[in-house]
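Single-structure report; data block below.
The values are calculated or read from the model by the stated rules, or taken from the named source; none is laboratory data. Since we're looking at a predicted model, the values are computed, not measured. Using ideal geometry, Cβ is built from the backbone for each residue, glycine included, and neighbour counts are taken over all protein chains shown. Ligands, DNA and RNA are excluded from the accessible area calculation, which covers all protein heavy atoms including side chains. Shrake-Rupley method; radii C 1.70, N 1.55, O 1.52, S 1.80 Å.
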Amino acid sequence: MNSRLQEAMEKLKMSGVRMTPQRHAVLAFLLDSHAHPTADDIYKALESRFPSMSVATVYNNLKVFIDSGLVRELAYGDSSSRFDADMSNHYHAKCVHCGVLVDFNYPTLRQVETSAADETGFLIQGHRLEVYGTCQNCAPISSY
């Protein structure tokens, strides 16, 4: 078992969350994925191993992981949120053609948070940055 999965399971256990086989499978899938899957993607990937599992079970487990700080939800307003188990400070590039999300690193924009707090009086909890373009797979077929 990889160390990230072991650490995540320990965090859940310390929070009083019971580790079911389905929960373990969803968490392991997320930690191994770099594709930012939707709940439906996760369900489809695991349904052969857990035929009695529903999409609702996947959503419920994702909520537990989000509430525990293990996963973040990336909502794009198209009713197909994606989920990211990489909780490090990073950003995303999204292809406008196929929708693929790719992580990229850039120095954290802490000054933006400070400025927003100063101007609004908000207690800023974080920010999200996405850039949009055409991925390498879509570029040959794209007309820009």
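Give the range 74-120 a look and list any residue that's hydroxyl-bearing (Ser, Thr, Tyr) and more than 19 Å from residue 135 (Cβ to Cβ), or say none. Once the filter is applied, which keeps residues that are hydroxyl-bearing (Ser, Thr, Tyr) and more than 19 Å from residue 135 (Cβ to Cβ), the range 74-120 yields 79, 81, 88, 108, 114, 115, 120.
Residues are listed down the side, and each one gets a yes or a no for (1) in contact (Cβ under 8 Å) with a residue 12 or more places away in the chain; (2) charged (D, E, K, R):
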{"residue": "62", "(1), (2)": "yes, no"}
{"residue": "69", "(1), (2)": "yes, no"}
{"residue": "86", "(1), (2)": "yes, yes"}
{"residue": "106", "(1), (2)": "yes, no"}
{"residue": "110", "(1), (2)": "no, yes"}
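Out of the range 30-83, which residues are hydroxyl-bearing (Ser, Thr, Tyr) and in a strand (DSSP E or B)?
Here is the first cut: in the range 30-83, the residues hydroxyl-bearing (Ser, Thr, Tyr) are 33, 38, 43, 48, 52, 54, 57, 59, 68, 76, 79-81.
38 - this is the single residue of the range 30-83 that is hydroxyl-bearing (Ser, Thr, Tyr) and in a strand (DSSP E or B).
When residue 43 is tested against (1) loosely packed, with under 15 Cβ neighbours inside 10 Å; (2) more than 18 Å from residue 5 (Cα to Cα); (3) modelled with pLDDT of 95 or more, only condition (1) is not met. If we scan the range 59-81, do we find a residue that is in contact with a Pro (Cβ under 9 Å, 6 or more places away or on another chain), closer than 22 Å to residue 3 by Cα and surrounded by 13 or more Cβ atoms within 10 Å (Cβ to Cβ)? No: zero hits.
Taking first residues from the range 119-136 that are open to solvent by 100 Å² or more (accessible area, probe 1.4 Å) and partners that are in a loop (DSSP other than H, G, I, E, B), the Cβ contacts under 9 Å between residues at least 6 apart in sequence or on separate chains come to 132/96.
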